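Remarks on the structure that follows.
The values are calculated or read from the model by the stated rules, or taken from the named source; none is laboratory data. Every value quoted in this text rests on a predicted model; they were computed, and no experiment measured them. Note that each Cβ is placed from the backbone with ideal geometry, even for glycine, and that neighbours are counted across all protein chains shown.
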Amino acid sequence: SSPATATPLARGQVLIVLPAGLVWYPDYERVRTALQHAGLDVRVASSRPTSVPTLAAIDQPGPEIVPDLLLSDARIDQFQGIVLIGYEIDEFLPGKRHADLMRRVVDQAVRGGATVGSICAANAILSRHGYLAGRPAAASQWAVQAGAQDGEADWRASSVQCSGPFVTASSDAQAAEFARLLVQQMSAAEQ
């Protein structure tokens, strides 16, 4: 639907987007918990309907995550916030299998007035697609390894950054602050 006739954003609904490959479980668990503690209804989408494997630490498997829905089926206009979490995020980078899907999701979210957040390696998704060009963004060694520097973001050493509709965090250690700023941005967007 066009922005003028788009369905209003559902209050308090956030979509966490995961790649089908490995996810860093501390990013997912800490962010999801913080958003739920803030009273938000959190849904999880992935590019595949199968369980998503995780790492609890380097070389230590974590619990699998069962997505609520396929990312391609998600009605992005139903969410106030979209949060990108990952570890093996290549599938969403430009030129990769689900790059166009990711671009459509972020474009729809921004057009609809939603807040878009990313944490750690997932910062490379927003950066490589150009959404963070010239914007302050939280630096992450994992995002740099995924080629985030190619996106021309204004990387900052501080752990959480907000710029326009985007909120970025450098690691799971900032999950509570990241969630607080996501909620703050979503509330501001409603007004």
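A compact table of results
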{"read-out": "Residue satisfying all of: in region 38-51; assigned to a loop (DSSP other than H, G, I, E, B) and buried (at least 17 other Cβ atoms within 10 Å of the Cβ); nearest to the chain's Cα centre (by Cα) among these", "value": "S47"}
{"read-out": "Candidate set: region 57-82, residues that are assigned to a helix (DSSP H, G or I) and polar (S, T, N, Q); chosen: the one farthest from M186 (Cα to Cα)", "value": "S72"}
{"read-out": "Strands (runs of 3 or more DSSP E) contained entirely in region 118-191, each with at least 3 residues that are modelled with pLDDT under 85, surrounded by fewer than 24 Cβ atoms within 10 Å (Cβ to Cβ) and among the basic types (K, R)", "value": "none"}
{"read-out": "Flag if G95 is farther than 24 Å from R156 by Cα and either at pLDDT below 95 or of a type outside the set (A, V, I, L, M, F, W, C) (or both)", "value": "yes"}
{"read-out": "Flag for T54 being more than 15 Å from M102 (Cβ to Cβ), in contact (Cβ under 8 Å) with a residue 12 or more places away in the chain and either out of contact with any helix residue (DSSP H, G or I) (no Cβ under 9 Å at 6 or more places or on another chain) or assigned to a loop (DSSP other than H, G, I, E, B) (or both)", "value": "no"}
{"read-out": "Inter-residue pairs, beta-carbon under 7 Å, first farther than 20 Å from L55 by Cβ and in region 67-96, second charged (D, E, K, R) and not in a loop (DSSP other than H, G, I, E, B), 6+ apart", "value": "D68/R43; L69/R43; P94/R128; K96/D90"}
{"read-out": "Identity of the residue in region 18-36, surrounded by 19 or more Cβ atoms within 10 Å (Cβ to Cβ) and out of contact with any helix residue (DSSP H, G or I) (no Cβ under 6 Å at 6 or more places or on another chain), that ends up farthest from A169 (Cα to Cα)", "value": "A20"}
{"read-out": "Selection status of A109, more than 26 Å from Q184 (Cβ to Cβ) and either part of a helix (DSSP H, G or I) or within 15 Å of the chain's Cα centre (by Cα) (or both)", "value": "no"}
{"read-out": "Test for E64: is it out of contact with any helix residue (DSSP H, G or I) (no Cβ under 9 Å at 6 or more places or on another chain) and closer than 23 Å to S171 by Cα", "value": "yes"}
